[in-house]
Amino acid sequence: MTISRITGEERATRESLVSDPHRPDYHFLPASNWMNDPNGLIQWKGKYHLFYQLNPNGPFHGTIHWGHAVSDDLVRWADLPIALTPTPGGPDEDGCWSGCAVDNSGVPTIVYTGLKGETQVPCLATSENDLVSWSKCPGNPVISGPPESLAVIGFRDHHVWKEGGVWYQVIGSGIEGVGGAILLYESPDLIHWKYLHPLLVGDKDETELVWTGTMWECPQLVPFGEKHVLIISCHDDGNLLYSAYFVGTYSERKFIPETLRVTDLGGYFYAPQTLVDDKGRRLMWGWLQEGRDEEAIQDAGWAGVMSLPRAISLRPGDSLSIEPVPELQTLRSKHYRLEGIDLTPKTSSVLEDIKGDRLEIVAEFAPGSAREVGVKVRCSPAGEEQTIISYDRSSEQLAIDRSRSSLSSNVHRDTQGGMLELADHQTLWLHIFLDRSVVEVFANGRECLSERIYPSLADSVGLDLFARGGTAKLNSVDVWELESIWTAK
Ligand code: DQQ
């Protein structure tokens, strides 16, 4: 296969990995090696720029650089040169960690975390050629360290915005013995920063709503009308938990939280960032972590995938609505559609003519008397491998059962999911993106559940629909084969 969207070394590397049966084909990921957080999301002169945490030296977290890709349409990406590389002897000599990009009166400016030993400090870089190459600010770091009045755990990851002519910044942190914390700063010029106060402090022992751990990474404070959403990624003593968000009010530089929820119902979506594009949409990407052991990752030669771009908005009741962007429809090729099928516990092989590991599936169920309905993907002909996406009406749980996703021993196989509340006669609407080892399920235009699966059999490409504990009606199902983002027009 010829990769058409890029040139040179990246192209050869991408081509060499095309036959890896677990490597996603329409999600962004670097040519090889390690990727984690999305960084510096910005639309510049109409083009979408995606920076990301990259280790060009192997498929493991270390020597973190900023990788860079650009897109006209949010879907097809072209690799650009590495944007930030650790500088020997500099405050970022051990890594250029996460941060953001802003437009400083026409000067594209990155605010990122420099890592040197254990020390984490905010640094700046600017570009004079439309974001292609970057110069680090000679005065780095722009803040010498965390406030002395606080005993912090971590001081990293930056979200910067301008309000009334003043720059504000939030930095992820934690307070020893207390919980995660977001620290608020202000500046007239992005260079001189004054610490104001913690914007919010968590409770490491509170588990009633959503447990948020000992430290908060990758904060973003985003306005939605009268409300603000504070997105965090929860970290606990070195373990990445999940991304969560508070909805609340922000005024006079104070944030008052009202609700707290997880951003994605699965266990792999982490460190999301957002941007507002020229259509006025708030778009979000997150890092989808691997769900297999280090030996398998080492053998694969790559780790980490970017989620699909998700359009987010705030619903009444203070939860986010999360939907795939319509631009993804340009990847659709062969199409199948079925309508009006009665599903009983004995129904099987409804979709036996459709096979694939890179599919988009839209299924609408009227659950009827069924206790549970759903879709099976990546099914082997004899059923020893299958991944079950289900909705349980009584517990209102949307879940992905991976207990039979793979015969391999080195993969995660727990069932993950969470609450999707539906009114009594509301239909269940599942919008599923399957891309080899990635499953992203958007449910009823609201929740999203992302998982990683690694089937071992080449013929685990079947699909099925099911109802259990009663009968249900499948109003319709549409399935599209999706093109690769590297070879599509
Ligand atoms: N990863 C980065 C940090 C961030 C963490 C380092 C989240 O800046 O806190 O790669 O994945």
Distance from the Cα centre of the range 248-323 to that of the range 123-187, in angstrom?
20 Å
What is the set of long-range amide H partners of residue 153 at a cut-off below 5 Å, with H atoms built 1.01 Å from backbone N?
174, 175, 176
Karplus-derived 3J(HN,Hα), 6.51/-1.76/1.60, for each residue of the range 53-65, Hz, glycine and proline x:
5, 9, 10, x, 9, x, x, 8, 6, x, 5, 6, 10
Need the list of lysines near residue 136 for cross-linking: C-alpha distance under 18 angstrom, and skip anything on the same chain fewer than eight residues off.
116
Peptides 243-254, 21-32, 465-476 ordered by average Cβ neighbours within 10 Å, highest first:
21-32, 465-476, 243-254
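With the Cα gyration tensor of the range 228-288 in hand, give its eigenvalues times 5 under a square root as the equivalent ellipsoid semi-axes, listed largest first in whole angstrom.
Semi-axes (√(5λ), whole Å): 21, 18, 9.
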Output ³J(HN,Hα) for the range 368-379: one whole-Hz value per residue in order, computed from phi by the Karplus curve 6.51 cos²θ - 1.76 cosθ + 1.60 with θ = phi - 60°, and x for Gly and Pro.
x, 8, 5, 7, 9, 9, x, 10, 10, 10, 6, 8
Based on Cα positions only, what radius of gyration and what Dmax would you give for the range 346-425, in angstroms?
13.8, 41
Sequence order, the range 76-82: Karplus ³J(HN,Hα) from phi using 6.51 cos²θ - 1.76 cosθ + 1.60, θ = phi - 60°, Hz rounded, Gly and Pro as x, gives 9, 10, 10, 6, 10, x, 3
Convex hull of Cα atoms in the range 22-93, direction-averaged projection (nm²)
5.4 nm²
If you wrap a convex hull around the alpha carbons of the range 104-170, what volume per residue comes out, as a whole number of Å³?
110 Å³
Measuring with a 1.4 Å probe in the full set of protein chains, what accessible area per residue, in whole Å², belongs to the chain?
38 Å²
Ignoring any ligand, DNA or RNA, what whole percent of the accessible area of the chain comes from carbon and sulfur when the probe is 1.4 angstrom?
49 percent
Dimensions (Å) - the chain, Cα atoms, principal axes, largest first:
68, 51, 42
The range 66-144: which GluC sites (Glu not before Pro) are DSSP loop and have at most 11 other beta-carbon atoms within 10 angstrom?
118, 128
Taking amide H positions as placed 1.01 Å from N in the peptide plane, with prolines and chain starts having none, which residues 5 or more places from residue 41, or on another chain, fall under 5 Å of its amide H?
51, 101
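If packing is taken as the average number of other Cβ atoms within 10 Å across a peptide's residues, how do 402-410, 187-195 rank, most packed first?
Values: 402-410: 17.7, 187-195: 14.8.
The peptides rank, most packed first, as 402-410, 187-195.
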Taking amide hydrogens as modeled 1.01 Å from N in the peptide plane, which residues meet the under 5 Å criterion relative to residue 65, leaving out close sequence neighbours?
54, 55, 96
Taking Cα atoms, how many degrees apart are the long axis of helix 8-17 and the longest axis of the chain, rounded to 10 and kept between 0 and 90?
40 degrees
Along each principal axis, Cα extent of the range 332-482, largest first, Å:
40, 31, 29
Sorted largest first, the C-alpha extents of the range 1-133 along its principal axes in whole angstrom are 43, 34, 21
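The values are calculated or read from the model by the stated rules, or taken from the named source; none is laboratory data. Note that the structure is predicted; figures quoted are calculated from it, not measured. Virtual Cβ from ideal backbone geometry, glycine too; neighbours counted across all protein chains shown. When the accessible area is computed, the model is the full protein with side chains, heavy atoms only, and any ligands, DNA or RNA have been set aside. Shrake-Rupley method; radii C 1.70, N 1.55, O 1.52, S 1.80 Å.
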